[in-house]
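A.B. asks: Okay, handing you the structure first.
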Amino acid sequence: MSAMQPSPSYRALFAVPGFARLMASALFARTANMMTALLIVLFVLDRYHSPQLSGVVVLFSVVPGLVLSPLAGALLDRGARTLLIGLDYGAGAAAMLLVVLLARGGMLPPWLLIVVVAISSLTAPLSNSGTRSLFPVIVPRAMWDRANAVDSGAYVVATVVGPGLGGLVVALVGPSAALLLPAGIWAGAALLLIGLRMPRSHTESSGGIVRDAWDGLAYVVRNRGLRALAVTLSVFNMGFGFITVGLPVLVLSRLHGTSVQVGILFAVMGGAGIVAGLLAGRLDSEGREREFMLAGCAGSVVGMLLLAFSGSLLLAAVAMAILGLANGPLDIGLFSLRQRVTDPAWLGRAFAVSMSLNFLGYPLGSAISGPVVARSVTATFLVATVVVALSGLGPLLMLPRSAERAVTAPEPELTHSA
């Protein structure tokens, strides 16, 4: 490391221009996302009394955006990333407000709810991929692990605050009115981005947005590391999709708990994840991404298995804590690998496609879990256990012990422009 480079500490990381505001905005938005994931399930269960519909709503709240993610990535690579990220935050706020107004007016049949959440999902890749694609641009390479640890920590903080606060608000004002809270948080996330200046980055473009989107998809398919992530995380997230529908049903039916306790359990997972993420971020993951990911998959199998046989809130809390602890090394391994194997000229497109493929299993798992959980909560988490165990085959078979990097990204320039 040269004398001109900042030391790889968390304090130096937050001194990088733009990083703190970008993370604060992302934290707000992720809190709204995690809150909405729980609130929309509680809303459907309360209004329509249907676990199956809950799974379908979760599916349509994600899949349309995943399908259009290559186009979102092409837009991100053309610049104005903070503006596009803010656009998604505004769309999320508007969708929740519309759901509340339609529900209060008695004009929200199930099909219309599905349409609203599907339309709102179209812009989701702009923020999901846009934020993380900016990290390698603004953060020096020596700080990538710590930046990823903060990113993972922000996500699990959102896991703590979002569902916990959401469950409390549902208990106070009901599931419908509670949806106004994430709408307000999304609006705050958008306001934090106003005036934020980001560095310029080189982009390879064919000139046409559709061709750029196709090239981005082809780039991910050809990239060995990104292919491994797509297989591993799509299967892994399918298992976690079962939790979104399964945990509320477990708590409300088998354990005779409340919506507040559902939120507390998600908060336990998030709190454990914060600790694990910050500790894992202090380790050097370069060349050991495979081992980090395998450790995360193994720990998640244990947590899922405990959930399957939870007969008390205490055992469920232990299971969720284990899932959170496993999340730390998994996130650091996958985030760092994705950054190291992606050419900076393809960050927007590669991240948009990669993250969408990685996340694809989550809505599928949520949709599948609806009919399964209606029959058996235990079977729901046993299936999730098997699925998560299978995801470990991805890094085990597709990544070498010392992960290959397709490219070596240059240090980002810290001169800023509009």
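Just so you know, all these numbers are worked out from the coordinates, no wet-lab data involved. Only a predicted model underlies this, so the values are computations on that prediction, with no experimental measurement involved. Glycine gets a Cβ as well: all are built from the backbone with ideal geometry, and neighbour counts include every protein chain shown.
A.B. asks: Multiply the residue separation of Arg21 and Arg375 by 0.36 nm, subtract the distance between their alpha-carbon atoms, and state the gained length in nm to one decimal.
C.D. replies: Numbers: separation 354, 0.36 × 354 = 127.44 nm, distance 4.56 nm.
Here the answer is 122.9 nm.
A.B. asks: For helix 81-104, what angle does its Cα long axis make with the longest principal axis of the chain, in degrees from 0 to 90 and rounded to 10?
C.D. replies: It is inclined by approximately 10 degrees.
A.B. asks: Run the numbers for Asp46 and Ala177: contour at 0.36 nm per residue of separation, minus the present Cα-Cα distance, in nm.
C.D. replies: On the way: separation 131, 0.36 × 131 = 47.16 nm, distance 1.24 nm.
Between Asp46 and Ala177, full extension yields 45.9 nm more.
A.B. asks: Starting from the Kirkwood radius over alpha-carbon pairs of region 255-294, derive D by Stokes-Einstein at 10 °C in a medium of 1.306 mPa s and give it in µm² s⁻¹.
C.D. replies: 129 µm²/s
A.B. asks: Once both axes come from the Cα atoms, what is the angle between helix 51-60 and the longest principal axis of the chain, in degrees from 0 to 90, rounded to 10?
C.D. replies: 20 degrees
A.B. asks: Follow-up. Expressed as a rounded percentage, what relative contact order does the chain have, with Cα pairs under 8 Å and six or more residues apart?
C.D. replies: 28 percent
A.B. asks: Report the label-to-label distance for Ala12 and Leu191 in nanometres (one decimal), using points 7 Å from each Cα along the Cα→Cβ vector.
C.D. replies: For Ala12 paired with Leu191, the spin-label model returns 3.5 nm.
A.B. asks: Amide H neighbours of Gly287 under 5 Å, counting only residues 5+ apart in sequence or on other chains, H built in-plane at 1.01 Å?
C.D. replies: Ala403
A.B. asks: Then there's this: How long, wide and thick is region 278-331, going by the Cα atoms along their three principal axes, in whole angstroms, largest first?
C.D. replies: Result, largest extent first: 41, 18, 9 Å.
A.B. asks: Between Leu315 and Val275, how many nm apart are label points set 7 Å from Cα along the C-beta direction?
C.D. replies: 2.2 nm
A.B. asks: In region 282-354, which chymotrypsin sites (Phe, Trp or Tyr not before Pro) are in a loop and have at most 15 other Cβ atoms within 10 Å, using DSSP for the loop call? Working shown, then result.
C.D. replies: Details: sites: Phe292, Phe309, Phe335, Trp346, Phe351; in loops: Phe309.
In loop regions of region 282-354 (DSSP not H, G, I, E or B), the sparsely surrounded chymotrypsin sites (Phe, Trp or Tyr not before Pro) are Phe309.
A.B. asks: What Kirkwood hydrodynamic radius do you get for the chain when you take the inverse of the mean 1/r over all pairs of distinct Cα atoms, in Å?
C.D. replies: For the chain, the Kirkwood estimate is 21.2 Å.
A.B. asks: Sticking with this structure for a sec: Given the DSSP H assignment, sum -39500 (n - 2.57) over each helix run of at least 4 residues in the chain and divide by its residue total; what's the result at 222 nm in deg cm²/dmol, nearest 500?
C.D. replies: After summing the helix terms and dividing by the residues of the chain, the value is -25000 deg cm²/dmol.
A.B. asks: Could I ask something else about it? Using a/c under 1.5 as the rounded threshold, could you call region 99-212 rounded, prolate or oblate? The axes a ≥ b ≥ c are square roots of the C-alpha gyration tensor eigenvalues, and prolate needs a/b larger than b/c, oblate otherwise.
C.D. replies: Oblate is the answer for region 99-212, as a/c is 1.5 or above yet b/c matches or exceeds a/b.
A.B. asks: Taking the 0 to 90 degree range and rounding to the nearest ten, how far is the long axis of helix 361-375 tilted relative to the main principal axis of the chain, both from C-alpha atoms?
C.D. replies: 10 degrees
A.B. asks: How long are the three semi-axes of the equivalent ellipsoid for region 162-254, computed from the Cα gyration tensor as the root of 5 times each eigenvalue, in whole Å, largest first?
C.D. replies: 37, 25, 11
A.B. asks: Could I ask something else about it? Which one, Leu71, Ala24, Ala37, is farthest towards the positive end of the dipole of region 1-113 when Lys and Arg carry +1 and Asp and Glu -1 on their Cβ?
C.D. replies: Of Leu71, Ala24, Ala37, it is Ala24.
A.B. asks: Ok, one more. State which stretch of the chain is the longest one without any exposed trypsin sites (Lys or Arg not before Pro), exposure meaning a DSSP loop state and at most 11 other Cβ atoms within 10 Å.
C.D. replies: Segment 198-400 is the longest.
A.B. asks: When only C-alpha pairs under 8 Å and at least 6 residues apart count, what is the relative contact order of region 1-155, in percent?
C.D. replies: Details: 124 pairs, mean separation 59.4, N = 155.
Across region 1-155, relative contact order equals 38 percent.
A.B. asks: Please report the relative contact order for region 188-332, taking Cα pairs under 8 Å with a sequence separation of at least 6, and give it as a percent rounded to a whole number.
C.D. replies: Working: 120 pairs, mean separation 36.2, N = 145.
Relative CO of region 188-332 lands at 25 percent.
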